[in-house]
Amino acid sequence: MTRSGELVQWNNKGGYGFVRDQAGNDFYVHISKLVDGQLRPRIGDQLTFSIATGRNGRPAAINVAVSQAAPLPNRTMRDIKRSPSSLSSYKVGLRTAAATVMTLLILLAIATERVPVWFGGSYALMGAASALLYRFDKLYALSGRWRVSETNLHVVDFCFGIIGGLAAQEVYRHKTVKPRFVAATWTIALVHVIGLAALALGWVSIALP
């Protein structure tokens with residue numbers, strides 16, 4: 001028998017939550033039980049589902065489909081960019097400082113003809129790509145859709161996209177809290193700062209045509 005109810009709890013990272021039927025009963029729901037083609041549900045969505053016995057012997061929801069999506073919060077990218085008063089401006093500004101230092105090192109290396117112009121272009125191109133990925137991931141997180149994987153973000157940042165990645169983290173206030181992600185980001189940034197400093201100061205060189 002098909003039932004209907006409201007999603008009252010949802011762990012987006014784990015992909016599970018609870019749906020409450022019209023009688024007030026809560027049923028466990030896992031993302032694997034969603035009907036094919038359904039986007040990840042959000043708290044407040046109206047769901048249709050059937051009942052089956054779960055792994056722990058308790059009733060659980062299966063054949064889950066979103067019958068009516070909850071209204072999206074009235075938020076814009078301007079809201080995302082607005083820093084809350086509780087956010088440390090020092091921590092946020094550190095990303096801008098690092099991106100600025102790397103940009104200046106690239107310009108110095110090009111001006112002193114220690115690297116070709118295309119080298120700076122690579123940072124600009126990949127930086128733009130990284131910034132777009134962070135923007136999309138932020139929007140996907142707000143809408144409850146599938147996210148850009150952290151591995152992909154790190155790979156693009158490492159492959160010359162770190163300047164754009166740091167700028168996007170600050171502008172969108174995104175991926176700035178999770179310790180492991182932050183540590184990996186700063187490790188990538190440190191590698192690039194050291195490498196760019198070595199090029200700009202002539203410690204190492206790139207063979208120019």
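Of all the numbered requirements in (1) among the hydrophobic types (A, V, I, L, M, F, W, C); (2) assigned to a loop (DSSP other than H, G, I, E, B); (3) more than 30 Å from P41 (Cβ to Cβ), W146 misses one, and that requirement is (3). Sub-6 Å Cβ pairs linking a first residue in segment 49-69 that is buried (at least 16 other Cβ atoms within 10 Å of the Cβ) to a second residue that is among the acidic types (D, E), at least 6 apart or interchain, are V66/D45, ordered by first then second residue. When you scan segment 18-39, do you find a residue that is in contact with a Leu (Cβ under 9 Å, 6 or more places away or on another chain), more than 23 Å from W146 (Cα to Cα) and of a type outside the set (A, V, I, L, M), even just one? Yes; the residues of segment 18-39 include at least one that is in contact with a Leu (Cβ under 9 Å, 6 or more places away or on another chain), more than 23 Å from W146 (Cα to Cα) and of a type outside the set (A, V, I, L, M).
Read the figures in this text as sums done on the coordinates, not as results from a lab. Since the model is a prediction, treat every value here as computed from it, not as a measurement. Neighbour counts are summed over all protein chains in view; Cβ atoms, including those assigned to glycine, are modelled from backbone coordinates with ideal geometry.
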